[in-house]
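Working notes, beginning with the structure itself.
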Amino acid sequence: MEPDVESLPRGGFRCRLCHVTAANQPSLQDHLQGKKHQRLESLRAKRQDQELRSVFVSGFHKGTSASELSEYFQAFGDVASVVMDKDKGVYAIVELQDQEVMEKVLAQPEHCLGGQRLRVKPREKKEFKYMPPKKQGSAHREQLSPEKLVQALCQADDVDSQMSQLVQLFELSESERRLRHLLVTLFQEVFSEFFPGCAILPFGSSVNGFDIHGCDLDLFLDLEKTKTFQASAKGPQGAQAEEEAGPDSDSEDSILSDIDLTTATVPEVLELVAAVLRKCVPGVHSVQAVPSARRPVVKFCHKDSGLLGDISINNRLALCNTRFLQLCTEADERVRPLVYALRYWAKQQALAGNPFGGGPLLNNYALTLLVLFFLQTRSPPVLPTLAQLRELTGDGDQAIVDGWDCSFPQDTSRLEPSTNTESLCSLLAEFFRVFGDHDFAGCVISLKEGRALPLPSFLLSEVGAKLKLGPFNVQDPFELSHNVAANVNEKIALRFQHCCRDGAKYCRSLQYQRKSSKGKAWGLVRLFQPGVPEAGELGPDGLLITIPFTLMALSPGSRQQLCQARDFRRCWFDKVCAAVTFVLKDVLKCSCTGPAGEPLGQEPTEQGGGEQPIVGSKHPRSDEGGSLAVSPAKKKPRAEGPAPEEEESVSWSCAVWHRVWMGRRRIRRQLRHLGSPQPDAEQEAGSLEVEEKVSEAIIQQEGDSMGSEPLLRFTACAQVGSGQEDTRTLLCFTPDPQQGLLFQDFYHFLQGFLPRMVERYVGRAARGRQ
């Protein structure tokens, strides 16, 4: 008898290897010759062979990577694999190429790595045990550990293969897709009993082509036909409508007798949906109605699988978004790998991850749209714009949803194949290059037009007046008044660009482009390593601070006037330069001079008609209400020629005499306790004055007398962004030699303080003009 087979007391046989029982000898022989038993026998032999040439390693520093261990043991011979302890990272199993290499490793009396003595011993021999798979309905696979991901990616031949492998590792398995399909079918059967003619339609990540293990199941409950049925049932045609709705639509037993769907509020309908889920859908628990969300939903959890999901009743636009994303994935096979790679990169860099903006991070939908926009703007394009797609629509493709035009072809056969031949490796590098220097705050990303819409002209449009602007503006392709990245704050927007620049720099290296022959991390592996870019980014001549274009502090009238200005960029640049001068000299009490040594900050005399000259300017400009009285130091002369957008720059030479950047929060709190409480609006309007008082208090504490030499000397140079429609102002700070860490502290303070004060100064100036 086979060693894996045992006889059962009541007759029959049991295979210990496969955990299978057989009623008689023929059935047993069929099993032993079957694929399952043969596969497990082969797997057991393979595992036993691996044990014979593997060593158990411990004692290394916590955080040591598999690639470092592999590189160390390669000194003795080829290393087949390294499996790290995924829980605590305190031990590893190193599989060597053959037993001869293992004998060399064990013959070494002492092993050291990174100054730590390693404990190396033969791997413990364990009996092979087959673990039966979990139920087919399991929604969550075992989480893919970083070490397993690294191993899988390092085995690929090139970056393009790594990106394709990433999709296979993260996408839903067939069993997960089957579970979702079964749940949708179950929900459809149950809800049809209570809402005749209704439809349960999945949307979002489960079906849009960008699914990942464990993603939520988003469902839309379409009640339009149910409303029609309910209205018809009350009229003379009620019997006929009931018959058309189907045999499962018995109006007497229907829950519709208690509610009128046409007049019911969203919370009332959601509570009804929640009640059906709690009482009538088997295996569903943790049901909760959330009527206060931007898109009200009912959340639920499937007990057996742990799958989370939600049902919405007024989110028909989401179906259009889902189909649009599906169309993009079908149009070009490069779309999915690029989106998967950039989503995981953004998650590793703590830039994105929350599905729909539950904080300041980029949500996955916004990041996906950004990737699609990037592919629209390649030359030649990888994807068509939405406007181009609408030209290809047939009669059956026309759709108006909630007042928005959602027309586009449902069949990819109508699309012309892209002539773009760029590799995935190249596209990823170009994404980082393009968005590392993109003016997100000064434009709106439009997938409808396939271009970045300049903010001044966009704000004058009907949609521009409704869209919520911020440091990161990505317009929904259909609901044009919705900024899908409105939750992103300035800090995350700047970090996104810093990380893009870091990514672009890495993609130029050989470590990205070529597979390592020494088992080191390469390609996507290094790119995915978490890391925070340095706060101070070096420009061509020093440390850079970007002042974004922002209209948050301006009134609607001031916004419109600024956007209609003939030389809009020049007007905004002048405002920023005047604000920077004021903040450095008046708020932070720096000594500021121009390149020729002239002191800055004298109040220019007001001239007739409210105009005042600006130093270095060929033309007078309108008065900014008194608070823009401080003029920039000097402007470089405009280059001769007809081009309307010449490059301008303004420079300041500054000296800092006191540590005005230290302890400001404490001083501000003391001043607040000493003074009388102010209304919030008044506090905001007077914040510049408050900051001036804080600086004065710090100087008073340090002592009024200045030393013979300042603490710090530096030069600041302001320049308009390089792009033709770039609205940003780039401030480059160059410290005098040997300033050391003291200037770094001051510079890091300016990074957060200066853009905030510039925005408040410009807003105050605008209020002064009105």
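Among the residues of region 334-355, are any within 30 Å of Ala274 (Cα to Cα) and assigned to a helix (DSSP H, G or I)? No, region 334-355 contains no residue that is within 30 Å of Ala274 (Cα to Cα) and assigned to a helix (DSSP H, G or I). Taking the listed residues Glu682, Glu709, Glu702, the one that is closer than 26 Å to Arg665 by Cα and either crowded, with 16+ Cβ neighbours inside 10 Å or modelled with pLDDT of 80 or more (or both) is Glu702, with no other qualifying. Put simply, of Leu494, Leu469, Leu584, Leu554 the only residue that is at pLDDT below 90, crowded, with 18+ Cβ neighbours inside 10 Å, aliphatic (A, V, I, L, M) and not in a loop (DSSP other than H, G, I, E, B) is Leu494. In region 262-273, the residues that are acidic (Asp, Glu) form Cβ pairs under 7 Å with partners that are at pLDDT below 90, at six or more places apart or across chains, as follows: Glu268/Ile259. The condition (being open to solvent by less than 70 Å² (accessible area, probe 1.4 Å), of a type outside the set (A, V, I, L, M, F, W, C), over 15 Å from Leu118 (Cβ atoms) and out of contact with any Ser or Thr (no Cβ under 7 Å at 6 or more places or on another chain)) is satisfied by just one residue among Arg39, Arg53, Arg47, Arg16: Arg53. Tell me, please, whether a residue that is under 27 Å from Leu144 (Cα atoms) and aliphatic (A, V, I, L, M) can be found in region 26-41. So far as region 26-41 goes, yes, one or more of its residues are under 27 Å from Leu144 (Cα atoms) and aliphatic (A, V, I, L, M).
Contact map, region 451-462: first residue open to solvent by 70 Å² or more (accessible area, probe 1.4 Å), second residue at pLDDT 85 or above, Cβ cut-off under 8 Å, separation 6 or more or different chains; pairs are Arg451/Thr377. For region 70-119, a tally of residues being of a type in the set (Val, Ile, Thr), under 25 Å from Ser517 (Cβ atoms) and open to solvent by 20 Å² or more (accessible area, probe 1.4 Å) returns 3. Of Leu369, Leu383, all but one fail to be farther than 18 Å from Ile212 by Cα, open to solvent by less than 10 Å² (accessible area, probe 1.4 Å) and at pLDDT 95 or above; the exception is Leu383. Collect the residues in region 168-207 that are within 25 Å of Ser257 (Cβ to Cβ), open to solvent by less than 30 Å² (accessible area, probe 1.4 Å) and among the aromatic types (Phe, Trp, Tyr), keeping them in residue-number order. Passing the criteria: Phe187, Phe191, Phe195. For region 219-271, filtering for residues that are open to solvent by less than 50 Å² (accessible area, probe 1.4 Å), modelled with pLDDT of 90 or more and of a type outside the set (A, V, I, L, M) leaves 2. Would you check if Arg295 is more than 27 Å from Leu383 (Cα to Cα), part of a loop (DSSP other than H, G, I, E, B) and in contact with a strand residue (DSSP E or B) (Cβ under 8 Å, 6 or more places away or on another chain)? Against the criterion (more than 27 Å from Leu383 (Cα to Cα), part of a loop (DSSP other than H, G, I, E, B) and in contact with a strand residue (DSSP E or B) (Cβ under 8 Å, 6 or more places away or on another chain)), Arg295 qualifies. Looking only at region 153-167, filter to residues that are in contact with a Lys or Arg (Cβ under 9 Å, 6 or more places away or on another chain) and assigned to a loop (DSSP other than H, G, I, E, B); which one of those is most open to solvent (accessible area, probe 1.4 Å)? If we take residues in region 153-167 being in contact with a Lys or Arg (Cβ under 9 Å, 6 or more places away or on another chain) and assigned to a loop (DSSP other than H, G, I, E, B), then Asp157 is most open to solvent (accessible area, probe 1.4 Å). If you go through region 413-431 one residue at a time, do you hit one that is over 30 Å from Ser164 (Cα atoms), at pLDDT below 95 and either open to solvent by less than 40 Å² (accessible area, probe 1.4 Å) or of a type in the set (Phe, Trp, Tyr) (or both)? There is no residue in region 413-431 that is over 30 Å from Ser164 (Cα atoms), at pLDDT below 95 and either open to solvent by less than 40 Å² (accessible area, probe 1.4 Å) or of a type in the set (Phe, Trp, Tyr) (or both). Considered as a group, the residues in region 299-316 that are touching a His at 6+ places or on another chain (Cβ under 9 Å) and either hydrophobic (A, V, I, L, M, F, W, C) or buried (at least 21 other Cβ atoms within 10 Å of the Cβ) (or both) include one that is nearest to Pro267 (Cα to Cα), and that residue is Phe300.
Please give the number of the condition Leu201 fails out of (1) modelled with pLDDT of 90 or more; (2) in a helix (DSSP H, G or I). Here Leu201 clears every test but (2). Close contacts from region 475-486, counting a first residue that is touching a residue at least 24 places away in the same chain (Cβ under 8 Å) and a second that is among the aliphatic types (A, V, I, L, M) and assigned to a loop (DSSP other than H, G, I, E, B), with Cβ to Cβ under 6 Å and a gap of 6+ residues or different chains, come to Asp476/Val484; Pro477/Leu447; Leu480/Val463; Asn483/Leu467. Of all residues in region 436-466, those that are modelled with pLDDT under 90, of a type in the set (Ser, Thr, Tyr) and not in a loop (DSSP other than H, G, I, E, B) total 1.
The values are calculated or read from the model by the stated rules, or taken from the named source; none is laboratory data. Fair warning: this is a prediction, and the values are worked out from it, not measured in the lab. Note: ideal-geometry Cβ built from the backbone for every residue, glycine included; neighbour counts use all protein chains shown. Just so you know, the surface numbers come from the protein's heavy atoms only, side chains and all, with ligands and any DNA or RNA stripped out. Shrake-Rupley method; radii C 1.70, N 1.55, O 1.52, S 1.80 Å.
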